[in-house]
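Working notes for the structure below.
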Amino acid sequence: MATGCTEDHSQHYCRVCRTKDSDHRASNCPTLRAICTAGRCIGYHQTSTERGLQIKQSGVMQPSASGAAGCGIYFAIRQNETERKAKQKGCMVTAEITMSKPKTVWRADSSNETYESLSAEGYDGAIVHGYWSGGEIVVYRPEQVRVLSVEDI
Ligand SMILES: [Zn+2]
Ligand SMILES: [Zn+2]
């Protein structure tokens, strides 16, 4: 049983660490806690080859025009999770993300988040839950992202 889970099931699946019979909810996942404590983590973002080339040439990722947690730069925690998350495909961006205090939000009720609204609350990013494909890391400033590699896949 996962602490804090109100659903009626015998096993709780953590979508972040993929433990089938988890004792924690995804929002309390130790894997996420490790990411937050470190202040830096690696994220994966799949995009089109055209966008990938732009990112490679500029070394910069720009916030999206929209998204589950507002206009941000979205990452999966695992490379293979980008398969279901990406709207455009063909190119894998691996980046180091600087984020020390993410806000835990849920996909359905956080589309109005902005860097300003989060920083007013003392956060510098967000972790969005509620996807079968795993949690998403969102930051709002290009300076928080260091592109490590851009590869055609
Ligand atoms: Zn549960
Ligand atoms: Zn977990």
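Any read-out appearing in this document is the output of simple, stated calculations on the displayed coordinates, not a laboratory observation. Since the structure is predicted, the reported quantities are computational estimates derived from the model, not experimental observations. Cβ sites come from the backbone with ideal geometry, for glycine too, and all protein chains shown count toward neighbours.
Tabulated results
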| quantity | calculated |
| --- | --- |
| Eligible aspartates and glutamates near K103 by straight Cα distance, threshold 15 Å, same-chain separation 8 or greater | E113, E116, E121, D124, E136 |
| Cβ-placed point charges (K, R +1; D, E -1), dipole of the chain about Cα centre in debye, nearest 20 | 240 |
| Relative packing of peptides 113-122, 44-53, 60-69 - highest average C-beta neighbours within 10 Å first | 44-53, 60-69, 113-122 |
| E96 versus Q54: modelled label distance in nm, points set 7 Å from Cα along the beta carbon direction | 2.5 |
| Most positive-pole-ward Cα, N80, S133, S100, against dipole of the stretch 39-152 from beta carbon charges | N80 |
| Added length on full extension, which subtracts the Cα-Cα distance from 0.36 nm per residue, R40 to Y131 | 30.5 nm |
| Dipole moment magnitude, nearest 20 debye, the stretch 1-60 about Cα centre, only Lys, Arg, Asp, Glu C-beta charged | 320 |
| Computed [θ] at 222 nm, deg cm²/dmol, the chain (DSSP H ≥ 4; -39,500 (n - 2.57); rounded to nearest 500) | -5000 deg cm²/dmol |
| At R0 = 35 Å, FRET efficiency that the Cβ-Cβ distance of E143 and C5 yields, to 0.05 | 0.45 |
